[in-house]
Amino acid sequence: MEIKVNKETCTGCNLCKKVCLYDAIEIVDGKAVINENCIFCGACIEVCKLNSIEITGLKEEQKDFSDYSGVCVYLEANGDRIADVGFELVSEGRKLADQLDVKLSAVAVGSSIEKSALEAFQYGLDKLYLIDSPVFSDNLDDIFAKALVQVITRYKPEIFLAGATWFGRTLIPKVAAILKTGLTADCTGLEIDKEKKILLQTRPTFGGNILATIITRNARPQMATVRPHVMEKKKIAQDKGDYKDRIEYIDIDEKNFKSKYKLLDTEKELNENINITDYDVIVSGGRGLGGSEKFSMLKELAGLLRGVVGASRAAVDSGWISYPHQVGQTGKTVNPKLYIACGISGAIQHLAGMQTSDIIIAINKDPNAPIFKVANYGIVGDIFEVVPMLIKRLKNKILLV
Amino acid sequence: MIQIKIAVCIKQVPGTTEIKIDPETNTLIREGIENIINPFDAYAIEEGVRIRERSSSEEVEVIALTMGPPQSKEILKEAISVGVDRAILLSDRAFAGADTWATSNTLAKAINKIEDCRLIILGKQTLDGDTGQVGPELAQRLNIPFIGYASSILEINRNKMKVKRLMEDRYETFEINLPAAISVVKDINTPRVPSLRGKMKAKSVEIPVWDANQLGADEDEVGLSGSYTQVVKIFTPKIKHEIKMIEGSPGEQVEKLYKELKELNVI
Amino acid sequence: MRYLLTEEQQMIVDICRQIVEERIIPVRAELDEKEIFSWEIINEIARSDLFRLFVPEEYEGMGTGIFEICLATEELSRGDLGIATSFAASGLGLIPILVAGNEEQKKKYLPQLASGKKLAAFGLTESEAGSDAGNIKTTAKRDGDYYILNGTKQWISNGGEADIYTVFVMTNPQKGIRGASAIIVEKGTPGFEFGKKENKLGMRSSVTRELIFTDCRVSKENILGSEGMGFIIAMRTFDQSRPVIGAQAVGIAQGALEEALNYSKVRKQFGAAISSFQAIQHMLADMATNIEAARALVYHTAKVIDSGEKNITRLSSMSKIFASDMAMKVTTDAIQIFGGYGFMKEYPVEKMMRDAKITQIYEGTNQILRNVVALDMIKRGVV
């Protein structure tokens, strides 16, 4: 396998060299030369106007995947509730299944989750595989992986989708590795190539600076994780309908589901909502806040908007607020309906974690702060003036303008 | 005698803070981007070194591993300058284009070749690929437990460890048998600045290079050939962005913002 | 402008710069405001082997010379003078051991100071013995195998935080300065206590305390050299340490220039960046020129000392005078370029000016040092 430049057509225009993030292209005697730093990412192939670069010698085995059929999504549970991302995937899975003209199934694994899992039928599910047992009351990766592998190998879906939650991101790669198939992380777009009937998985890389479309070759199912809140969940039925025949209870032999992981303790931060990815509104504070005590102001604002408090890396590193609140590449990627950035300058790593929010409001002293480059509404001003006034206004007091 | 061998898997990545987009062609401009050690991996290295420094009864050796082109040697030297005992470069043209599955295969072979690694530490994800999948896939290939998003190692000896992981809304503390693999979040430590002696050692150290042959890897199980996923298209997102600046005195700004929020139905 | 440094010297600079950028600059305002002595940063400096620069290899150091110490101190001072002072004060406290200690004392104390696990401090100044260092009143009376120390040392950097103190005492008060001796006292010795932490104008992230000795019994093994050598030891120590103060001054000034230059490029008045105004340009040019001149003098002095030259008092004093006067001027000008903002604590330059002031005062006021320069010149001629 190699990557080749067609010397006949290459004009040495330098475009490929400019886009190569790995410093793998030099222009020698007016022609592009690709060196050993190349990781075959294909950025140069994409950009070359003369189609002068190609990857050759990649063996394509023609495997028969005809016994794989249907789309299956994983309904991840949090306690006895199915997390929203599960229903989002059902809605998305429905579209894909329709395009392929196949069935949409879901697998739910957990303890006392049946009631919540049934809701999935309102989102257009054809079939539910339910594994409901007390052995799944804690998030023990290995036995969850085993359960999922059992379902997938038995029912052979051609596509399997799961939420890119933190648990999903450690569990699903394990499942893919056991099944010996490919997995694409954190997809933000899924489409069907109608001709080849394969799944096109689009995901951001480089902190959202680049999008890559990926396919699964030589293996099935085609697996992908999808970030929470990226897909829209859409109820298509008022009630669950007649689901009795469409649900399959999978009994498991508890003896075979003994985890190698011993969970000793679970702790949640008291009185604090740290699962910031779960909220529709996030009010975040950054370096401009100047201290931990100032976060109480943001908490109040977040409370009024039924949201939660987030923070930039600078605020977390200064010890003003705990790490689970951190938004950005080093922390959590969030996708709320409303993101209010207070005193956050907007380092690229922070933007990577929040720029896909529906609406972004930035309040910052510095009109040149990069946060304004992604915001929908900008206020140049002092957060210590603006935020307390906004709190007052939300409490329905008339402002003296 | 060394009782605990720790392998730290790291990667060289282009530092993204400098990435600029050419507005005309809507493509990335590489100029000015330096290759750096994946920032998340710095925590992995530090944690390995700290385990060694904390351990009084058992001798610990920390080995840094990376798969990449020859220039990746630089980050292995950096790892040595902050206290890693030795480093190995996995480099072969055949490794290029690997997805997480093929990468984990190459790493697994190297870890088996090192022999008796009790703990494997990785960063939570890389800055370029951003997947966080190599850790769990590697652990699965080695058939050992994996704990992602580790935020604290509470206890460790040759056979067992207590480790706390961070989930979105809680911390969970596990006891697992070793060997095992973990990926770490930045909460776990603050990576140190290199030491002068470390830098001197890094300058003179010879870093062994293992190729596909030495790892006993067939060409079609590594690199792009050994990958189950393949990039078919790469592009920059079209950013159509409009910002509405809200002007006026702070009071007026708040009033206008309030109206906008109302119209958007968020209040 | 980069001086021609060896690879190892460049490593020292790089390490210090990383500590400054990552650890010091983000917290320096807070350390200054709240007068915090940061063991966290000192430990980072220690872990990076920088304290080893003060100590020769045979005692687990990596000491190569004063020049390397100056490079490190300059870089650290660019971030925060208080931290650079805590660093340099440990060096100052251990130089007497290097200069006059016997093999046993060196083996006992230098390795732990080299690792940075413990800090040293230098105890000379008293309330009535500042520039007039010969006028110290703290006494050490011989009693069998011990000396009994009584008296109070004032304004001792690292006081209370350091574990190892080199203290200058009168063993024979009748002899005046020829009756002074240097002795090592460890923290925790009964009768050795600390006064309150001083509230200072600048370098507020360093600690300055009194050392109070009340019938404090110290083994006679701890005397450095022999009785009566104290004043000579102190002067030989200063000869080596003064260029380090010069390096501190160059570092502070460098930091101030960088801040002023960056600010002048973003601050707009009359519709243009103020860096486009000649009045500002000339100030910046003068600041930069004076810094380079001071740096050249400090580096030259350090290299002369490292070459083994003995008569270094004059050059050493000159480099401290010139660099510290320069730093005071440059930091004041930096505030001027910032205008009203420079006067505010939100910006770092006012702190730099407060910090710079001490470099004109400690380790010999610039006035005393001018005397030294003049007297040396009169005695030995210009060359």
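Below are the figures for this structure:
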| read-out | value |
| --- | --- |
| Exposure rank, largest accessible area first [A:119, A:36, C:74; 1.4 Å] | A:36, A:119, C:74 |
| Amide H contacts of residue A:72 (H built 1.01 Å from N, under 5 Å, at least 5 apart or other chain) | A:105, A:159, A:160, A:161 |
| Kirkwood-based Rg to Rh ratio, the stretch B:142-243, C-alpha trace | 1.10 |
| Chain C: angle of helix C:313-338 to the longest principal axis, Cα-based, in degrees nearest 10 | 40 |
| ³J(HN,Hα), Karplus 6.51/-1.76/1.60, whole Hz, each residue of the stretch B:248-263, x for Gly, Pro | x, 5, x, x, 5, 4, 5, 4, 5, 4, 4, 5, 4, 4, 5, 4 |
| DSSP-defined beta bridges in chain C - what % are antiparallel, rounded to 5 | 85 |
| Under 12 Å, Cβ to Cβ, from residue C:276 - net charge with Lys/Arg +1 and Asp/Glu -1 | +3 |
| 19 Å reach of a label modelled at residue A:66, 7 Å along Cα-to-Cβ, counting backbone N of the stretch A:202-221 | A:218-221 |
| Most fluctuating residue given options B:253, B:230, B:214, as computed from a GNM of chain B linking Cα atoms under 10 Å | B:253 |
| Candidates per GluC sites (Glu not before Pro) in the stretch A:195-261, loop by DSSP, up to 11 other Cβ within 10 Å | A:195, A:232 |
| Chain C, relative contact order [Cα under 8 Å, separation at least 6], % | 16 |
| Inter-label distance for residue C:115 and residue A:31, nm, one decimal - labels placed 7 Å from Cα along Cα-to-Cβ | 6.2 |
| Label-point separation in nm, residue C:300 to residue B:200, each point 7 Å along Cα→Cβ | 3.0 |
| For residue B:234, residues with placed amide H under 5 Å, excluding near neighbours | A:213 |
| Kirkwood-type radius of the protein assembly as shown, with distances r between different C-alpha atoms, in Å | 32.3 |
| The stretch A:71-253 - percent relative contact order, Cα under 8 Å, separation 6 or more | 28 |
| Fluctuation leader among B:172, B:247, B:53 - chain B, Gaussian network, Cα springs under 10 angstrom | B:247 |
| Förster radius 56 Å - calculated FRET efficiency between residue B:243 and residue A:242, Cβ distance, rounded to 0.05 | 0.65 |
| Apportionment of accessible area to carbon and sulfur, the stretch A:71-253, percent (1.4 Å) | 45 |
| Modelled FRET efficiency - R0 41 Å, residue A:14 with residue A:368, Cβ distances, 0.05 increments | 0.85 |
| Loop trypsin sites (Lys or Arg not before Pro), the stretch A:62-157, which have at most 10 other Cβ atoms in a 10 Å radius of their Cβ (DSSP) | A:63 |
| Residues whose placed amide H lies under 5 Å from that of residue A:359, excluding near-sequence neighbours | A:338, A:339 |
| Surrounding net charge for residue A:265, when Lys and Arg each add one and Asp and Glu each subtract one, Cβ distance under 12 Å | +2 |
| Extension gain (nm, one decimal) between residue C:258 and residue C:25, 0.36 nm per residue minus Cα-Cα | 82.6 nm |
| Under the Debye formula (equal points on every Cα, no solvent term), log10 I(q)/I(0) of the stretch A:276-394 at q = 0.19, 0.22 Å⁻¹ | -0.91, -1.29 |
| In sequence order, calculated HN-Hα J values of the stretch B:59-71 (Karplus, 6.51, -1.76, 1.60; Hz; x Gly/Pro) | 7, 10, 10, 10, 10, 8, 10, 9, 10, x, x, x, 5 |
| ³J(HN,Hα), Karplus 6.51/-1.76/1.60, whole Hz, each residue of the stretch A:214-224, x for Gly, Pro | 10, 10, 9, 10, 6, 7, 9, x, 7, 10, 8 |
| FRET efficiency estimate (nearest 0.05) - Cβ-Cβ, residue C:58 to residue B:235, R0 56 angstrom | 0.35 |
| Semi-axis lengths, Å, chain A, gyration tensor of Cα atoms, sqrt of 5 times eigenvalues | 37, 35, 19 |
| Sparse-neighbourhood loop sites, trypsin sites (Lys or Arg not before Pro) in the stretch C:1-84 - DSSP loop, at most 11 other Cβ within 10 angstrom | C:2 |
| Share, in percent, of DSSP beta bridges within the stretch C:121-228 that are antiparallel, nearest 5 | 85 |
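The values are calculated or read from the model by the stated rules, or taken from the named source; none is laboratory data. Not measured: the values here are computed from a predicted model. Glycine also receives a Cβ, built like all others from the backbone with ideal geometry; neighbour counts cover every protein chain displayed. Ligands, DNA and RNA are excluded from the accessible area calculation, which covers all protein heavy atoms including side chains. Shrake-Rupley method; radii C 1.70, N 1.55, O 1.52, S 1.80 Å.
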